[in-house]
Amino acid sequence: MKSTQYSEKVLDHFRNPRNVGVLEGEDVAIGRVGNPVCGDLMEMYVRIQDDRIVDIKFQTFGCGSAIATSSMITELVKGKTLDEALQVTRADVADALDGLPPIKMHCSNLAADALHDAIKNWRSGKKLTPLSAEQAAAAGTSCGGVQAAEAAVEAMRQAVSAGSGALEATPSAVAVEGAEDFKGKGVFTQVDDPAALRDKRVLVLDKGPAAARLALDLTRVTPRVVYVTELDTLALPEELAAELKRSDVKILYKSRLLAVRGEGEVEKVLIRDLDEDTEYELFVDAVVLLNV
Amino acid sequence: MILLWMPARPCGSRVGTMTSSSEPVTYLDYQSARPVDPRVVEAMLPYFTEHFGNPASLHAVGDRATEVLEQSRAEVAAFLGASPEEVIFTSGATEANNLALIGYARRNRRSGSHVVITEVEHISILNLGKFLEQEGFRVTRVPPDRYGRVSPEKLRARLTEETILVSVGWANNEIGTIQPIAAIAEMLVGTGVAFHVDAVAAEGQIPLDMSKVPVDLLSISSNDIYGPQGVGALFVRKGVRLAPVMIGGGQERGLRSGTENLAGIVGMAAAARIASQELPEESARLAALRDKLIGRVLSEIPDSHLNGHPTERLPNNAHFRFEGIEGESLVLSLRDAGIAASTGSACSSKTLEPSHTLISCGLLHEEAHGSLELTFGRFSKEQDVDRLMEVLPGVVERLRRLSPLYRKK
């Protein structure tokens, strides 16, 4: 079945999603699952009074069925008690939508999981806050898995409560595999003239303000600058951090540069997503590891 | 282009209602499939009923089929700047690619066991690469630059004593980037390494002249020049040796057994004739539509980006990335508005993997998810651009409002 062969119900909820938005207040619980890397991220906002869901809203980044399942579950549980809402399963969501293509069944999992996550957070007294832009970018959790999502949210929460503690953490000094071999062949430890990297895909490793300033400089000669930091926030002077976020630099939070790869010259890097504990390759032309 | 197609009507009208009506479809997905040109259909029709012969037969009806077959071969050869005996008809470009890669690798194994392709090839070549690895060949995949272009120097650096074959697509079927095929071909002259080019995305849009470019093997399909589906051809330069992949009655110089699909071949020849005649004017016309669309999208939709090369791209291809939204929901929304488009998003694929082409250009998975591919063709009109732009900015804005990821800069 084609991924777009959706039932009329799915299409209706995709076209006219119910209960889109966010809720605020002491009586609101938030649940969050998914991973932008996999193409979906869901947030459920549930207003709870006397153990009953009196209002519910959602925001979803994802495909048609991800949006439709989010919308449907809000309709299914509005007015229900928390215990009743917890009884709503993935299958219930899919059934209510007259079924989903097999390859899209995980979307119904996501919707149910996001709701259950919100209720669980409410009962455990855990308060999530709406994602900031950089948190959204760092909210890497495994594709469709609530366990990993919880772990990631937990990590995010701890980082937030740790406050400035996280800011003082220094980037890992672990050697990057291949960095020595590719020196002069795409790995730079200093860049005197950014023009040398004109039009290149450049990865700049977080080494503090000097690296951040270089990343900003590079945006004048190339549209593709990726700034990789192991932290979940920018450990930079406030103004510099703000400037970096506003710029065209793509920031990868909670990411560790593991290896530089290529044949004869730098062609790609291996990055570990520290939230998910997964690794992936990114195609780049140059890697800047400043000596600071 | 106008098709009679009625979008499904929404059942409710609540938050964020989208309009949907019975407007005809604006088709902006020529890369996926093209209609057969009515002139081609007309040329084909007699060969289903009246002139139904088998070229292998010894009687007059068979002779006539042979004549038409060879005439068609000459027309396809002319389209490629080749000699008729260098054209082998197949069931399509996938089969042509199979014959080229498997046929060449097997026939020339004694010379070496290394094959070079690129990271941005069409899936049919990528999977042939995997197949050759299973057959014991070593296959190297050369990465492209951020526009999806592979440099001849980078390719040369991958050649070894063992290399027997290099295969590069003339243009990328997704993002439309045109490869420096002439430069790569020149670089390979005298090395003893054969050069195969999958020209499906490029054919009919840019000139493919085998008398000027020293390519050894070149795959084309009929549908991509508005001919029928189920026909294609492989150009095999004189002197290049292949082992057949299809075994049977020995048709097509023994390289492609099976009775010829005569009506299809006649259609492909007619399509090639029309494409040759109309190419210069048609390319310029499509490039103007493309440039108008690219200009409007980038200026009217915030946080939108062009994928692929700014100038070295197919005249009919515009490929974008929109921050904060996902491609399948974009295509579904356009479908509701009566617009047919494509995406490189994982959520629209069978494997849930994002486009390997976009990843090879250096995009992160989350970036590749938000892509939109728009391809024009022979029946596209300037109004199609206007129609799309009436809808697209609103669709992007609506999906961004739904998305927890999009934050204005």
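The values are calculated or read from the model by the stated rules, or taken from the named source; none is laboratory data. Please read all numbers here as calculations on a predicted model, not as lab measurements. Neighbour counts are summed over all protein chains in view; Cβ atoms, including those assigned to glycine, are modelled from backbone coordinates with ideal geometry.
Numbers at a glance
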quantity: Members of the stretch B:65-91 that are surrounded by 16 or more Cβ atoms within 10 Å (Cβ to Cβ) and charged (D, E, K, R); calculated: B:R73, B:E75, B:E86
quantity: Residues that are surrounded by 16 or more Cβ atoms within 10 Å (Cβ to Cβ) and β-branched (V, I, T), drawn from the stretch A:80-118; calculated: A:V88, A:V93, A:I103
quantity: Subset of the stretch B:97-116 [away from chain A (no Cβ under 14 Å) and either acidic (D, E) or free of Cβ contacts under 8 Å to residues at least 60 places away in the same chain (or both)]; calculated: B:R109, B:R110, B:G112, B:S113, B:V115
quantity: A:V204 being at pLDDT 95 or above, β-branched (V, I, T) and either assigned to a strand (DSSP E or B) or assigned by TED's automatic domain parsing to the domain that holds A:K127 (or both); calculated: yes
quantity: Residue within the stretch B:124-138 that is assigned by TED's automatic domain parsing to the domain that holds B:A100, surrounded by fewer than 21 Cβ atoms within 10 Å (Cβ to Cβ) and assigned to a strand (DSSP E or B) present; calculated: yes
quantity: Check on A:V187, under 25 Å from the mean Cα position of the chain (by Cα) and either crowded, with 21+ Cβ neighbours inside 10 Å or within 13 Å of another protein chain (Cβ to nearest Cβ) (or both); calculated: no
quantity: Residue list for the stretch B:367-409, filter: crowded, with 24+ Cβ neighbours inside 10 Å and of a type in the set (D, E); calculated: B:E373
quantity: Any hit, the stretch A:240-251, residues being assigned to a loop (DSSP other than H, G, I, E, B) and among the hydroxyl-bearing types (S, T, Y); calculated: yes
quantity: Close pairs (6 angstrom Cβ cut-off, 6 or more residues apart or separate chains): within 14 Å of another protein chain (Cβ to nearest Cβ) in the stretch A:39-60, acidic (D, E) and not in a strand (DSSP E or B) anywhere; calculated: A:G39/B:E326
quantity: Matching entry among B:S257, B:S304, B:S299 (being on the phi < 0 side of the Ramachandran plot, surrounded by fewer than 24 Cβ atoms within 10 Å (Cβ to Cβ) and touching a helix residue (DSSP H, G or I) at 6+ places or on another chain (Cβ under 6 Å)); calculated: B:S304
quantity: Flag for B:E312 being acidic (D, E) and without any contact (Cβ under 8 Å) to a residue 24 or more places away in the chain; calculated: no
quantity: Single match in B:G92, B:G112, B:G129 (criterion: out of contact with any Gly (no Cβ under 7 Å at 6 or more places or on another chain) and over 30 Å from A:V284 (Cα atoms)); calculated: B:G112
quantity: Residue in the stretch A:258-272 that is over 30 Å from B:R158 (Cβ atoms) and in contact (Cβ under 8 Å) with a residue 12 or more places away in the chain present; calculated: no
quantity: Per-region count, the stretch B:203-238, residues in a loop (DSSP other than H, G, I, E, B), in contact with an Asp or Glu (Cβ under 9 Å, 6 or more places away or on another chain) and farther than 15 Å from B:N261 by Cα; calculated: 9
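Per-residue answers, yes or no, for (1) in a helix (DSSP H, G or I); (2) assigned by TED's automatic domain parsing to the domain that holds B:V200; (3) not acidic (D, E):
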{"position": "B:H305", "(1), (2), (3)": "no, no, yes"}
{"position": "B:T311", "(1), (2), (3)": "no, no, yes"}
{"position": "B:L332", "(1), (2), (3)": "yes, no, yes"}
{"position": "B:G344", "(1), (2), (3)": "no, no, yes"}
{"position": "B:P354", "(1), (2), (3)": "no, no, yes"}
{"position": "B:G362", "(1), (2), (3)": "no, no, yes"}
{"position": "B:E367", "(1), (2), (3)": "yes, no, no"}
{"position": "B:E373", "(1), (2), (3)": "no, no, no"}
